[in-house]
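Novice: Before we start, here is the structure in question, set down as C-alpha cells.
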Amino acid sequence: MGFVKDNFEVLDSIARCISCQFGPNCEVVLHDLTLPYDQTIVAIYNGHVTGREIGGGGTNAGLEILRGTAMPEDQYGYINYTKDGRTLRTSSKYFRGEDGRVEGSLCINLDITGLLIGEAAMRALGGHGAETNTKEVFTSNVDELLDLMMQDAVQSTGKQLSMLTKEDKVAVVRYLDEKGAFLIKKSAEKVADFLGISRFTVYNYLNEPQ
C-alpha cells in the first residue's frame, strides 16, 4: 500500500505527541507523497500555523523532490516563513518505500515569531547582528503555491511579465519545470494563461533542446 498508509496509526500518534508537547504554535504535518500533490496531507495538528488542513497539498520543496531536482534529505531546525511574514523553525523527516523512493514525510513547523521579537530586543541591547535564512513557501492550497512559483519564475528573468520575450518565457517554463510546478494538476493550462501563450506552446518550450 505504501509506507505512510501501512504505518499511519503510529505516524499519526507521533505527530499528535509532538504537537501536544510544544503547544499550539507547533504545526505537525504528515504527508503521503504517493497521493496527488494537492492532496498529500493525511494528518495535521495545529494547522492554523500555515493555514492548511487534511486533504491539502505540500510546499514547493516537496515538488522539487518529486520532480527529482532536489535530494530528499532529512533536515532539522532550518528557518522558513509563512506568506504573512511569520517565522517558522522547521524539521522534515522523509520516509522511503522498499524500492527506495520517497513515499511520505513528517514535517514540524514551530512558529517562533514571538520568540524572535524578544530576541531582537535583546540583540539590540547587546549589539548583535541578524542571521540569514533559506526560503520555503507555505500556502493553504496548491493553486496559491503555483501562483507564487510563477511570480518567482518571472522575477528570475529580471523583467516584468509584460516585457518577456519568447526566450524569457522559455526560461520561465524551464524554471517552473525544474521546481516541479508541472506536477500540479492542470498547471500547464495555468502557466499558459499566465504567460499569454497556448498550452501547446508550453509543451513545445518544455521539449526545446537546451
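Novice: Taking loop as defined by DSSP and a crowding limit of 16 other beta carbons within 10 Å, which GluC sites (Glu not before Pro) in region 56-105 fit? All intermediate terms of the calculation are to be shown ahead of the outcome.
Specialist: Values: sites: E64, E73, E98, E103; in loops: E73, E98.
When the GluC sites (Glu not before Pro) of region 56-105 are filtered for loop state and at most 16 Cβ neighbours within 10 Å, E73, E98 remain.
Novice: Sticking to Cα atoms, compute the Rg of the chain to one decimal and its Dmax as the biggest Cα-Cα distance, whole number, in Å.
Specialist: Computed over the Cα atoms of the chain, radius of gyration and Dmax are 18.9, 59 Å.
Novice: Then there's this: If the convex hull of the alpha-carbon atoms of region 3-120 is projected onto planes in all directions, what is the mean projected area in square nanometres?
Specialist: Numbers: hull surface 29.7 nm².
With the hull built on Cα positions only, its mean projection is 7.4 nm².
Novice: I've got another one for you. Working with all protein chains in place, sort R89, R174, R101 by solvent-accessible area computed with a 1.4 Å probe, largest first.
Specialist: Numbers: R89 125, R174 50, R101 165 Å².
Correct descending sequence by accessible area is R101, R89, R174.
Novice: While we're looking at this one, here's another question. Pop a pseudo-label 7 angstrom from the Cα along the beta-carbon direction at both Q75 and S140 and give the gap in nm to one decimal.
Specialist: 2.5 nm
Novice: Restricting attention to region 4-53, which GluC sites (Glu not before Pro) occupy a DSSP loop and are surrounded by at most 13 other Cβ atoms within 10 Å?
Specialist: Values: sites: E9, E27, E53; in loops: E53.
Here the GluC sites (Glu not before Pro) that fit, given the DSSP loop and packing criteria, are E53.
Novice: Rounded to the nearest 500 deg cm²/dmol, what is the calculated helix-only ellipticity per residue at 222 nm for the chain, with -39500 (n - 2.57) per DSSP H run of length n ≥ 4? If you can, show how the numbers build up before the last one.
Specialist: Details: 8 runs with 86 residues, N = 210.
The helix-only estimate for the chain comes to -12500 deg cm²/dmol at 222 nm.
Novice: To continue, here is another question. Rank these by accessible area, largest first, 1.4 Å probe: M149, M1, M163. Write out the running numbers ahead of the final one.
Specialist: Numbers: M149 15, M1 180, M163 125 Å².
Output order, biggest surface exposure first: M1, M163, M149.
Novice: Still on this structure: Normalising by the residue count of region 142-207, find the relative contact order in percent from Cα pairs under 8 Å and 6+ residues apart. Numbers along the way, then the final one.
Specialist: On the way: 45 pairs, mean separation 21.4, N = 66.
RCO, region 142-207: 32 percent.
Novice: Work out from phi, with θ = phi - 60° and the Karplus expression 6.51 cos²θ - 1.76 cosθ + 1.60, the ³J(HN,Hα) of each residue of region 97-112, listed in order in whole Hz, and give x for Gly and Pro.
Specialist: x, 5, 8, x, 7, 5, 10, x, 7, 10, 10, 10, 10, 9, 6, 10
Novice: Same structure again: Top to bottom by accessible area (1.4 Å), largest first, where do I54, I14 land?
Specialist: Numbers: I54 110, I14 75 Å².
Largest accessible area first, the list is I54, I14.
Novice: While we're here: Beyond 18 Å, how much of the Cα-Cα pair distribution for region 142-207 remains, as a whole percent? Let's see the in-between values first.
Specialist: Details: 489 of 2145 pairs.
Cα-Cα pairs of region 142-207 separated by over 18 Å account for 23 percent.
Novice: Could you work out the relative contact order of the chain? I mean the mean sequence separation of Cα pairs under 8 Å and 6+ apart, divided by the number of residues, in percent. Spell out each step's value before the answer.
Specialist: Numbers: 335 pairs, mean separation 41.6, N = 210.
Across the chain, relative contact order equals 20 percent.
Novice: Region 144-173 to region 44-113: how many Å between their Cα centroids?
Specialist: Between the Cα centres of region 144-173 and region 44-113 lies a distance of 25 Å.
The values are calculated or read from the model by the stated rules, or taken from the named source; none is laboratory data. Keep in mind the model is a prediction, meaning the values are calculated, not measured. Here Cβ is always computed from backbone atoms with ideal geometry, including for glycine, and neighbour counts include all displayed protein chains. Note: areas computed on protein heavy atoms with side chains; ligands, DNA, RNA excluded. Shrake-Rupley method; radii C 1.70, N 1.55, O 1.52, S 1.80 Å.
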